[in-house]
Every structure is written in structure tokens, then in C-alpha cells.
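See below for the structure under consideration.
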Amino acid sequence: MGTPPEAAERVGSLRAQIDRYNYHYYVLDDPLIPDGEFDRLLRELQILERKYPELVTPASPTQRVGARPLEAFEEVEHKVPMLSLDNALNDRELEDFDRRVRERLEVAAPIIYAAEPKLDGLAINLRYESGMLVQAATRGDGEHGEDVTQNVRTIPSVPLQLLDGDWPEVLEVRGEIFMPTAGFEKFNRSALEKGEKTFANPRNAAAGSLRQLDPRITAQRPLAMFCYGFGDLSVADLAVTYSAAIGLLPRWGLPVSPELRRVEGVTGCQHYYRELEKRRFQLGYEIDGIVFKVDDLGQQRSLGFVTRHPRWAIARKFPPQEEMTRLLAIEVQVGRTGAVTPVARLEPVNVAGVTVTNATLHNADEVRRKDIRVGDTVVIRRAGDVIPQVVRVLPERRPPDLIEFRMPSHCPECGSDLIRDGDGVVLRCSGGLYCPAQRKEAIKHFASRRALDIEGLGDRLVDQLVEKGVIETPADLFTKLNPAILSGLERMGEKSARNLCAALEKSKETTLARFLYALGIREVGETTAHALAQHFGNLAGLMKADTESLLAVPDVGPVVAEHIHAFFHQMHNREVITALQSAGIRWNDTQAARAEQQPLAGKTLVLTGTLSRPRAEIKEQLQALGAKVSGSVSGKTDYLVAGEDAGSKLDKAGKLGVAVLDEKGLEKLLQSVGHA
């Protein structure tokens, strides 16, 4: 009976797809589909070829390791081929592997395996001659790789000269170049802030970094390496077992995985798999499974190889962290600080064991750069507790006439203008006190100690008041709250209710600087609030100021000026301010005299150590006199006020020749300007 035509057709289609995906993955460092989808396609081809062996050809992806390398680097021929590993996708396939090993070795006792993480990076072969690194080559197609020696020399964890002296004359070690999770996240954050291309995952980051033609670029990337095998050696064996041989490498300065274990039988393998699966996201680097190797090197030689992989090793894969799904919608969410973020609504898909229906799109620029459109087939990535994200679109699966996504110009919650941060990447709602999405945080900030200082109005109480609809703006604190309403809330008795009402009444007497800080204007901290109060002297003048006038205030730059101007020109913000003043919030404008008229104008002081009065109180007193209170000592500091246990700031002041005052000295300074 001949081969069914549909089987031959499917085999041809699978080979074409896999060859294309291989080329993009290994040669271009531009994977088109998730690893899990690739594994499924390869497995389908393997099953068909086993069923119809007459369809197997030497050019089939099942008969070779990978694609040929780019010609931008010199080609290297591996003296010992770098083969890939067969995969076990479930416990049954791992048990089948163990059974085959024992049958071929003709042993009934449990096999001792070496178990170590399957690192998700780029395979590398390091060649040492007389203890010196002479060559580093990528795996390439297993027979030939690329010479990336100059790039590898930039990786701190790779020794240029081996330590100790009992290494063989020729030593080739194999391992994985990878990018630790923290370095990957930092790199991508920086790229996002600069509007540059981000990497989809740490594996791509490592591969892209290692294959830079300019080693100076590679040197800037946080790459690392673990060794896990051997190539060409000038001796027969380094030890009797793999684990003993690999254990020699740290002594010579070569890093190996600290997770390497010897386990007994398939039960030991499964136990190790479960244990490391639980910890995989705490390792600090990404792994996509566990590699199990027969530990006895003599048994390894007896088992030998098949065309594509060794019979003595297998990779037990974890559930893939990337999967494909369809993008159903893009919604815009407003965070508690006003940041506006596009969010993907997805056709449910299981990623790393969790059903994912939503994913972050970061910001509008990232959506535009990746050209993500509603209706696209997208790749979703989830790593541990990290929020799922859309890492790329599959353009070949895009239906025609999909519309390009555009961010709104007004807040979807309150209708306020959306303005860009100083970096030009993040959009924020300018609604502030008025915006429902920012309401809780705005009120908590308004009541905080350095703002209106409303004692007894804690975060949980604010949450209750907002969630029950009792208050919507800070002005409602003074117009809608009374002992009867407050005593009906959770954990709020009559006495606490009366005390809070008294605190609200007390907080009405404040300063212009505190009031400005309490409004929560973007980028306006205490120092800027004091500078604004001193410069304008009253609220009316500040609210009328244009950006040019605002730029005349010390420490106010173009970005901050734009935030202030935008805030005061939103009608609902002005309405909240009017309501607060109508509710009795007041201050003495004479406290906000122009800075140049103040007795400590132009003086910079730093407070350190333990003082008899709260630092915030001393800071406010000094700022009211025109002084600038800084957090660090520099050559521009006029006085360091040092209490007990002053520490490093006192040492630095001594080196810079800055005048140091104890509390008595501070009181004398204040007396000299008539404000002790």
C-alpha cells in the first residue's frame, strides 16, 4: 500500500514551515512563532516520518540540527559536532526515554542521571589551548558555527586564562550564553524610555548581543555563561562521570550551574523536575526545562548517538512561556498616577500553565512600533509573576484592512487632556483631583503629613469613603463629612469620628506652599511648591501664569512648567480649588513673600542626624525664610545642620569645607534673622 498523498503533502508543508522558522530563529535572531508552536510542528513531522519512513530525506529538519550561520562572521568547523537534544514533553515520554536507556544498557537497576537546568540562551563552544581562550564559536548547524571570540571575550564570567594548572592541553567546553532576568528587564526599560526596539525575550537578547559585529556593543550588554559539556579534548576523559568532570570546571574559573544534581532513576528525574519548576522564576535567569544526562561516561559511550541527538540525554521541557492567540480589542486604562496604558484583550490562551485574557502593551509608541492592530494574531509572553505582554505580531496571519490603533487625546475616565511626560513616551491624564481613576491617590496625597496633614484620615478610610461614594474630591472632605456619617463606617467609632472632624477643621489653616503640594500637580514636590509660593506670593497670580512666567521660578524647567500650566487650565481643577477655598481652606499670603525679600534667600542648608524637632518642621521653617533645603551635601551647600549620629554627610561637609551647625548653632542663625 503506497503513501497517502495527503501525508506526503503535509510532510512537505511542515518541512517548508520548519525550515523557514529555523532560518529566522537561528540565522536572523527573529523568531516568528513561540517555541511551543515550533515544538508541536516538529513533533507532528516526526510522527508522520515514523509512520511513513519512505518520506524521510537527508534534508528533513528531523535529520539535522539547525540552519547555516550568517556569513558576516568567519566560519568555524567544530572538531566534535554540537548536536541538539531530543525533547520529552510529558512524564510518559521521560519514562520512555529511561526505559530505552536501561534496555540498551541491559541493566535493571535505576540509572544515575546528572540533572541541570536547560538554559534559554545561545549555545557556545569555548576552546582553550595551554589554558588560554583561543576561540569561541556558536553552534550554527552543529557542524559549522560562527567565530564570535572577540564578543565572548567581553563577557565577565568567561575566563580568558584558566585558573589552576591541571587542565588538559586542549580543552573545549560547551555552554550557554544568556542574559540574566534583571539585566534583560533593565535593558528593555531603557529601550522603551528611549523609544528604541526592545527584545522579545532574554534568549533573543543574548543572541542579538553576542552576534553584534562591534564587540563594544556586546560589552555593554549584561551577558553571562554556564558550562554544561565538552567538545574536543587532548585527553580521553576528565573523570569517570559527567558530574565529576563538570565539577572540575569551577576550579579552573569556568562557571557551571549551581542547580546541577545527581538523581536516581526516572523517579529522581521527575522529583527534580517538579522541584525546579516551582523555583524557575526565582533563579534570576530563564530556563525552559531540565536536561537529564546519563552520568556514567562509559555508559554514555555505550549508548552512542542517533543522527540528530545523543541517546544518553533528553530535555524535559516546561510549559512554554510564549503562545499565539488573537487580539480581540485594545482598551485604554488610567492608572492611579494618571498614566494611560493601552491593554490588550485576548482570546483566552494557556501560557505557562495560566489562562491569559489580558496583556500589557506598555505605551502608544510601543503599539505603533510593533504595528499591533485589533484582529491580529499575536505572540503572548508570560514569565513567572510578570504581567503578560504582547511581544510581537505575526503579520503573515493578518486579515486584510485592519485599522491602525490610535491613542485617544482625552482621558477615557474624565475627559481631561492627555499630556506626554518629559520623556515623550508616557501619556498622563491632567485631570488630577477630578479624575475618578486617580481619586483615591489624589485624596490620600492631599491629606498626607507634608500636605494638609489631616490626622486620622488613613488610606483604608479614604478607600472606604471613595468606594461608598461619600466623597469624590478633596473638597468633599470638608463639606460632606460629619460625625454621624463617619461613625457609620467600619472601624470608626463616635470618638474617632469627632477627632477626625476636629482634625479636618484644624487643617483648614495652612500655607500656600503646603496647599500647592497637596494639589498633587505632576512633578511639583515640596521644594517646587515652596519656590512657586515664594515667587508668586499668592494663588491667583500663579493660576494666571503662562509657561514663560513659570520658567522664571528657580528649579522650574520646561516640563514642570507645562505640567503646572496644564493643571491650572483644566476647568474642573479650578472648580475643585474654588470649592476648597469656599470650604474654608486658607493661608496668609504674606507668608509667601517673594524669595529675594526673605532673610535666608540664596542659602542652601542640609539636615542630617537625629534632631530634637521633626526635620519636616525645621525644613518648613527654613523654606519660609527663603532658604533652599537640600538632601545632599555639595560645594554649593552653605550650612550642614548636624544632629546626633550625623554619619557620612558630616564627613563630606568636612572634606568640602562646608560650615557645620549643631542645633544651638541653628537657633543662633534663626535668631540672627529674627525668626528663632
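Derivation of every value follows stated rules applied to the coordinates shown; laboratory data play no part. Please read these numbers as outputs of a predicted model, since none were measured by experiment. Cβ sites come from the backbone with ideal geometry, for glycine too, and all protein chains shown count toward neighbours.
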Would you list S190, S243, S84, S209 from fewest to most Cβ contacts within 10 Å? S190, S84, S243, S209
Percent relative contact order of the range 127-168, based on C-alpha pairs within less than 8 angstrom and at least six residues apart? 38
Helix runs (DSSP H) in the chain reaching 18 Å along axis by Cα, Kyte-Doolittle at least 0.0: none
Once normalised by the length of the range 536-676, the mean sequence separation of its alpha carbon contacts under 8 Å that are 6 or more apart gives a contact order in percent of 19
Which of F226, F187 comes first, and how do the rest follow, when ranked by fewest Cβ neighbours within 10 Å? F187, F226
Just going by the charge dipole of the range 75-317, with Lys and Arg at +1 and Asp and Glu at -1 on Cβ, which of V80, A115, F199 is farthest out on the positive end? F199
Packing-based exposure ordering (other Cβ within 10 Å, fewest first) of C414, C501: C501, C414
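So if I place +1 on the C-beta of Lys and Arg and -1 on the C-beta of Asp and Glu, and nothing else carries charge, what would the dipole magnitude of the chain be about its Cα centre? I want it in debye, nearest 20.
It comes to approximately 1460 debye.
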Label assignment, volume of the Cα convex hull per residue in Å³ derived from the structure, set (i) 232; (ii) 246; (iii) 219: (i)
Taking only C-alpha pairs under 8 Å that are 6+ residues apart, what is the relative contact order of the chain in percent? 9
Candidate lysines for bridging to K636, where Cα separation is under 22 Å - those fewer than 8 sequence places away on the same chain excluded: K603, K619, K628, K649, K652, K655, K668
Overall form of the range 335-389 per C-alpha gyration tensor (a/c, 1.5; a/b vs b/c): oblate
Measuring from its Cα centre, the range 598-672 shows a charge dipole (+1 at each Lys and Arg Cβ, -1 at each Asp and Glu Cβ) which, in debye to the nearest 20, is 280
